[in-house]
Amino acid sequence: DPVNLQRAARLLRQLHATPLAGPALDMGEAIGRYAATAGAAAGERAAAARAEWGRCQAGPAEERCFCHHDPTPGNFIVSPGGELRLIDWEYAGLGYPGFDLAGLAVGAGLAGDGVRRLHATYRGRASTPAEITRHRAWEALYRGLSGLWQAALDARRV
C-alpha cells in the first residue's frame, strides 16, 4: 500500500532522528553467530553475507543512529487511533539507517520506483544514483543476514 509505505518511511525517519542510546548491532558478530548455529550448510550464505557487509562498510560513512533492524511490514501495526507503530524491538540498537530502509524495501517487495518513493519520502528528496546503488548493497546484506537467521532457526528445530 503506497500510503502505508509513506507512513512507514516517515516513521523510520522519525526513529532515526530520535536521540536514543542502546547497544550497537554488530553485523559481523551476528553473521558469525547465525552461521555457527546453522552449521556447515550455511557456509556459502555466511561468506556472501560477510562480503556484503564488507561492501556496506567500504561505502561512504553513514552515521549510526537508533534503528529497529527488522522493519518488515509484519512489524508495523496501526493503533486504535490510526497511528502507524513499530513492534518487535528484539534487534533494536545503534545501527545504520540504510539497513532499516533495506529491510522495509525487501520485506515489502519493493523494486525500482517503489524504492525511489521510499527514499524520497524518507529523505524528503529524490535519491542520487549513488544512494540507490548503496541501497542495493544494504538490501543484499539484509537478505543474506535474514537467510542466515532462517537457517539458524531451521538448525535449532532439527
(message) Leaving ligands and nucleic acids out of the surface, order Leu153, Leu104 by accessible area at 1.4 Å, largest first.
(response) Leu153, Leu104
(message) Amide H of Ala24 versus every other amide H placed in the peptide plane: which residues, excluding those fewer than 5 positions away on the same chain, fall under 5 Å?
(response) Leu94
(request) Give the long-range amide H neighbours of Ser127: residues separated by 5 or more places, or on another chain, with amide H under 5 Å away, using H modelled in the peptide plane at 1.01 Å from N. (result) Ala120
(message) Per residue, how large is the accessible surface of segment 83-158? Use a 1.4 angstrom probe and give square angstrom.
(response) 48 Å²
(request) Measure nothing fancy, just the Cα-based angle from helix 27-38's long axis to the longest principal axis of the chain, in degrees from 0 to 90, nearest 10. (result) 50 degrees
(message) Rounded to whole Å, give me the distance from the Cα center of segment 1-79 to that of segment 130-153.
(response) 8 Å
(request) Could you point to the label whose value was computed as Rg and Dmax of the Cα atoms in Å for the structure here, given (i) 15.6, 48; (ii) 17.0, 54; (iii) 16.2, 52? (result) (i)
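How much of the accessible area of the chain, probe 1.4 Å, is carbon plus sulfur, in whole percent? Before the final figure, lay out the partial values.
Details: 4690 of 8290 Å².
Carbon and sulfur: 57 percent of the exposed surface of the chain.
The values are calculated or read from the model by the stated rules, or taken from the named source; none is laboratory data. The structure displayed is predicted, hence computed values, not measured ones. Protein only, heavy atoms only, side chains kept; ligands, DNA and RNA dropped before computing areas. Shrake-Rupley method; radii C 1.70, N 1.55, O 1.52, S 1.80 Å.
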